[in-house]
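Heads up: the structure comes next, in structure tokens.
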Amino acid sequence: MSTLIVNQDTIFKVKPLQSASLSDDEKAAVPRGEYGITSGEKVGNHYKVTLDRAIAGRKDWYVFEGHVLISNSGTLVINQDTVFKLKPVDSSQLGDADKIAVSQRELAVKSFSEFGSHLKVELENPIGNHKEWYVFQGHIDTLHIESYAPPQEEVTPPPAPTPAPKPTPAPKPSGRLIRIAGKGQLTTGTPIIPGGSFTWGEATKDGQRLPENATITNNIIRMAQRMQEVRTRLGNRSITITSWYRPPAINRAIGGASRSTHIQGYGVDFVVGGLSPREVQRQLDPWWSGGLGYGATFTHLDNRSFRARWNYGN
């Protein structure tokens with residue numbers, strides 16, 4: 001996710017031409033502001049961009065390069081009018097000089113950190129002469145930070161791809177006994193969903209990371225159902241799980257994001273036999289409605305309730 005910074009009121013166009021040569025349904029007036037984009041590329045003296053959220057019913061537009069900048073910062077999406085504050089307290093406790101009203105919009109951010117019910121954000125461009133503000137977490141929808149390093153999980157090389165096996169009677173679950181919250185005692189070789197390809201051992205790092213409650217267990221089950229769809233969509237290729245559920249202490253130890261979806265059991269890092277992470281991202285991007293990120297050696301998926309895209313870098 002990057003941010004398109006529109007420096008002045010401009011025109012979004014369906015073709016990289018002078019706006020005067022286009023009909024009204026081929027262009028849209030856009031005010032100065034910041035807009036989340038999933039991609040942007042130079043085409044002559046225009047940028048071709050794909051917006052995170054549609055404008056005038058479209059996400060794909062051209063815009064004159066002289067009116068915009070593309071920032072690789074994250075995008076803070078404010079889903080309702082709110083107040084930016086210099087302290088993480090209720091706005092009623094602050095004087096006018098310590099707060100500023102901010103309308104629903106998208107803003108480029110360089111970094112963020114959690115302070116209880118607030119986030120401390122560093123903006124790309126100042127608001128009210130300040131770049132650093134606190135904002136109540138309940139008023140933001142998504143926060144995409146692009147430049148963080150991937151968590152330092154040990155990645156096991158995937159096995160060579162093999163043809164999909166012919167249907168055979170399901171083998172008895174193997175592996176060691178573990179106890180899963182809300183499920184009871186089972187083995188690490190037990191499929192998470194009946195007849196599925198992914199086991200409880202894969203979700204729990206061979207039983208070393210057991211879910212703390214039934215809510216996390218149910219999140220793992222729902223994600224396993226989606227991962228089964230992913231496997232089918234990728235031609236039933238072998239998928240090696242490198243990281244699934246992480247208890248908070250382990251997530252911190254390996255450098256995972258503080259708001260990681262792995263903590264709740266619905267984030268999965270994996271490697272696909274015979275496909276690069278970039279190719280996996282290309283195939284899944286149009287279809288997957290949640291979070292999708294890729295690095296040099298792995299792909300991340302999660303079934304959050306909104307679309308998010310990022311690249312971990314090398």
Residue match in region 284-296 (condition: touching a Ser or Thr at 6+ places or on another chain (Cβ under 6 Å) and aromatic (Phe, Trp, Tyr)): no
Residues located in region 264-274, provided they are surrounded by fewer than 22 Cβ atoms within 10 Å (Cβ to Cβ) and touching a helix residue (DSSP H, G or I) at 6+ places or on another chain (Cβ under 6 Å): GLN264
Every residue from region 198-217 that is assigned to a helix (DSSP H, G or I) and surrounded by fewer than 19 Cβ atoms within 10 Å (Cβ to Cβ): ALA214, THR215
Residue match in region 227-241 (condition: under 21 Å from THR187 (Cβ atoms), open to solvent by 40 Å² or more (accessible area, probe 1.4 Å) and not in a strand (DSSP E or B)): yes
Residues (in contact with a helix residue (DSSP H, G or I) (Cβ under 7 Å, 6 or more places away or on another chain) and either open to solvent by less than 40 Å² (accessible area, probe 1.4 Å) or not β-branched (Val, Ile, Thr) (or both)) located in region 59-96: ILE78, ASN79, GLN80, THR82, LYS85, LEU86, LYS87
Candidate set from region 34-58 (those that are among the small types (Gly, Ala, Ser) and closer than 21 Å to VAL77 by Cβ); member that is least open to solvent (accessible area, probe 1.4 Å): GLY36
Whichever residue in region 97-116 is among the small types (Gly, Ala, Ser) and modelled with pLDDT under 85 and, among such residues, is surrounded by the most Cβ atoms within 10 Å (Cβ to Cβ): ALA108
Residue list for region 18-33, filter: open to solvent by 30 Å² or more (accessible area, probe 1.4 Å) and not basic (Lys, Arg): GLN18, SER19, ALA20, SER21, SER23, ASP24, ASP25, GLU26, ALA29, PRO31
Meets criteria (modelled with pLDDT of 85 or more, under 27 Å from SER39 (Cβ atoms) and among the small types (Gly, Ala, Ser)) for GLY267: yes
Residues located in region 18-33, provided they are touching a residue at least 12 places away in the same chain (Cβ under 8 Å) and either touching a Cys at 6+ places or on another chain (Cβ under 6 Å) or outside any strand (DSSP E or B) (or both): GLU26, PRO31, ARG32
Only listed residue being touching a Ser or Thr at 6+ places or on another chain (Cβ under 6 Å), β-branched (Val, Ile, Thr) and over 22 Å from PRO286 (Cα atoms), chosen from VAL77, VAL89, VAL68, VAL83: VAL83
Candidates ILE178, ILE220, ILE250, ILE193, filtered to the one that is buried (at least 20 other Cβ atoms within 10 Å of the Cβ) and not basic (Lys, Arg): ILE220
Number of the exception - ARG309 against (1) in a helix (DSSP H, G or I); (2) open to solvent by less than 30 Å² (accessible area, probe 1.4 Å); (3) in contact (Cβ under 8 Å) with a residue 60 or more places away in the chain: (1)
Which numbered condition PRO277 fails, given (1) surrounded by fewer than 17 Cβ atoms within 10 Å (Cβ to Cβ); (2) at pLDDT below 95: (1)
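The values are calculated or read from the model by the stated rules, or taken from the named source; none is laboratory data. As the structure is a prediction and not an experimental result, all values here were calculated from the model. Note: ideal-geometry Cβ built from the backbone for every residue, glycine included; neighbour counts use all protein chains shown. Heads up: the accessible areas ignore ligands, DNA and RNA and are worked out on the full protein's heavy atoms, side chains in. Shrake-Rupley method; radii C 1.70, N 1.55, O 1.52, S 1.80 Å.
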